[in-house]
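The values are calculated or read from the model by the stated rules, or taken from the named source; none is laboratory data. Worth saying up front: this structure is predicted, and the values here are computed from it rather than measured. Don't worry about glycine lacking a Cβ; one is built from the backbone with ideal geometry, like all the others, and counts go over all protein chains shown.
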Amino acid sequence: MLDYTSQPKNVIVKQLYKHSGRILVKQLTPEIIADITKGEYIGERSARRDPVVGAVRDNRDVKPGNLFICIQGKKVDGHLYANSAYESGAACCLAERRIPDAKGPYVIVESTLQAIQTLSAYYRSLFNIPIIGITGSVGKTSTKELIAAVLGEKFNVLKTQENQNNTLGVPLTLLSLNERHEAAVVEMGIDDFGMMSQLAGMVRPDIFVMTKIGYSHLEKLVDLGGVLRAKSEVFNFMKTSGVAVLNGDDDLLWEYDPGMRKITFGLDKRNDFRAENILAEGTKAILCNIVSDAGQFPVRIPAYGIHLAQLAVAAVAVGSLLGVPDDDISRGLMSYAPVGGRANVSDTGFITLINDCYNANPNSVEGALTSLAALPNRRVAILGDMLGLGAISDEMHREIGALAARKSIDSLICSGEKAALIHREYKSAGGKAAHYYDDKAKLIAALPELIKKGDAVLVKASRGMQFEEIVSAMATIQG
């Protein structure tokens, strides 16, 4: 494991003083980057102390002053784009080998990925602001957006962009911090043991939110106990003054002792923060009351999905911990907007299309079907395989089929090897109209016959199934 705690003695950190008080400017330079990463600086001596602000891995995203990370990928070698990055204003590059005819300074390291992690861990240590980490088997990104929306009413907030939650995305997020930020919300996604330790060693959150321990990445994590063990590695990297904000509706999390202050959220009355009187306003919004020992107040989340009520409670809990007034919390939740591919609702003029095909596991599909079942329209679910479920894959797919029948989904359309089990169980459990296609192209061709005007149509499958093609085709159906 990397040692993220040591800081070279000769690092120079500039300081800025304002009349309102002392503010530390978190400034990186090529010299500091080389020192922190134990790399070799290559370039003009005069450029060693030029300011470096933020980091990117794609030369098309470079802004003046950025650090460009040369990643040697399977298909693309970032080193070949270094000079293009300089032309766009990059102040420095981080590379694994010499850059021919380099148009700017760079630092050579053994591994750019490891170096950027070490650098981000050091850089994060310069900030004495609340850092909120988020993980879970479902709802991470939505919860991140909800928390950022709530905190944004009081603080200047940095948040993870989209779902950049892995061993590269997390350090890039941390390196986006600047002296204007007053809080940060960092999404942390894992798929194996040890990965959370790697992320937590960089983030070192003050508040950590767990949305749910669910059936994801079981090929490596084996079972729910394994998922919990892998995600809870984070608590080894938090101060004892930290706070764990856990989904108390999840029995594993309800029983779990993080070794620090624990606050629970959810729908059950046993939780410290809970949602009551949940009402779906069609596909437009979710209404509920937030209840805690401090009292209660109503909120409105302008998005589709009953599950958002539970996630919003997590945002309320974090906001309350950081002193955000109830009125500001309500206003923050009103500004929430879903991120790409997550329960995006559109009116095509013929149907209500619910694009939720970003990813899928049993927990997220259950939530999607529950939200669909709350709509008054004829309800159609187009489902594909849920990948990465290991030994329990068949069982989980059959359970989703039975659930679709119990939720009175009017029509189920499936494609995929494992989705055949969803289709079969739906029929066995008394489902109304069931359709299965062994080929996605056949399903798309059949859509005009299967979809009726006014339908509410959910499209959901694991990302590897590429059901975005179905969403695109659906948008063109006019009867």
Pairs only if they're at least six apart or on different chains, beta carbon under 7 angstrom, first in region 434-458 and assigned by TED's automatic domain parsing to the domain that holds residue 375, second in a loop (DSSP other than H, G, I, E, B) and aromatic (Phe, Trp, Tyr); list them, first residue then second. 453/350
Failed item in (1) closer than 27 Å to residue 201 by Cα; (2) modelled with pLDDT of 95 or more, with residue 25 passing the rest: (2)
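What about residue 95, is it over 26 Å from residue 364 (Cα atoms) and not assigned by TED's automatic domain parsing to the domain that holds residue 62? Spell out the reasoning first.
Details: over 26 Å from residue 364 (Cα atoms): yes; not assigned by TED's automatic domain parsing to the domain that holds residue 62: no.
No: the conditions fail for residue 95.
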Selected residue (criterion: surrounded by the most Cβ atoms within 10 Å (Cβ to Cβ)) from residues of region 85-116 that are within 28 Å of the chain's Cα centre (by Cα) and assigned to a loop (DSSP other than H, G, I, E, B): 90
Using beta carbons and a limit of 7 Å, which pairs, at least six apart or on different chains, have the first residue in region 375-397 and in a helix (DSSP H, G or I) and the second one modelled with pLDDT of 95 or more and of a type in the set (Lys, Arg)? 393/418; 397/418
Do you know which residues across region 289-309 are touching a Lys or Arg at 6+ places or on another chain (Cβ under 9 Å) and either of a type in the set (Lys, Arg) or crowded, with 24+ Cβ neighbours inside 10 Å (or both)? 290, 304, 305
Looking only at helices (runs of 4 or more DSSP H) that fall completely inside region 119-220, which ones have 2 or more residues that are of a type in the set (Gly, Ala, Ser) and at pLDDT 95 or above? 140-151, 195-203
Can you tell which of 367, 349, 388, 384 is more than 30 Å from residue 261 (Cβ to Cβ), buried (at least 20 other Cβ atoms within 10 Å of the Cβ) and either assigned by TED's automatic domain parsing to the domain that holds residue 219 or not hydrophobic (A, V, I, L, M, F, W, C) (or both)? 384
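For region 30-67, what are the residues that are hydroxyl-bearing (Ser, Thr, Tyr) and modelled with pLDDT of 95 or more?
Just the residues of region 30-67 that are hydroxyl-bearing (Ser, Thr, Tyr), to begin with: 37, 41, 46.
Within region 30-67, 37, 41 qualify.
Out of region 428-479, which residues are assigned to a strand (DSSP E or B) and over 30 Å from the mean Cα position of the chain (by Cα)?
Keep residues of region 428-479 that are assigned to a strand (DSSP E or B), which gives 433-437, 456-460.
Within region 428-479, 433, 434, 435, 436, 437 meet the criteria.
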Tell me, please, whether a residue that is touching a residue at least 40 places away in the same chain (Cβ under 8 Å), within 26 Å of residue 198 (Cβ to Cβ) and among the basic types (Lys, Arg) can be found in region 90-107. no
What's the number of the only condition in (1) touching a Leu at 6+ places or on another chain (Cβ under 6 Å); (2) outside any loop (DSSP other than H, G, I, E, B) that residue 330 fails to meet? (1)
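Take residue 225 and decide whether it is assigned to a helix (DSSP H, G or I), in contact with a helix residue (DSSP H, G or I) (Cβ under 9 Å, 6 or more places away or on another chain) and surrounded by fewer than 18 Cβ atoms within 10 Å (Cβ to Cβ).
Working: assigned to a helix (DSSP H, G or I): yes; in contact with a helix residue (DSSP H, G or I) (Cβ under 9 Å, 6 or more places away or on another chain): yes; surrounded by fewer than 18 Cβ atoms within 10 Å (Cβ to Cβ): yes.
In short, yes.
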I'd like to check something: does region 197-211 contain any residue that is free of Cβ contacts under 8 Å to residues at least 40 places away in the same chain, surrounded by 16 or more Cβ atoms within 10 Å (Cβ to Cβ), touching a helix residue (DSSP H, G or I) at 6+ places or on another chain (Cβ under 6 Å) and within 16 Å of residue 308 (Cα to Cα)? no
Inside region 39-56, can you point out the residues that are buried (at least 17 other Cβ atoms within 10 Å of the Cβ) and either of a type in the set (Val, Ile, Thr) or in the same structural domain as residue 161 (by TED's automatic domain parsing) (or both)? 42, 52, 56
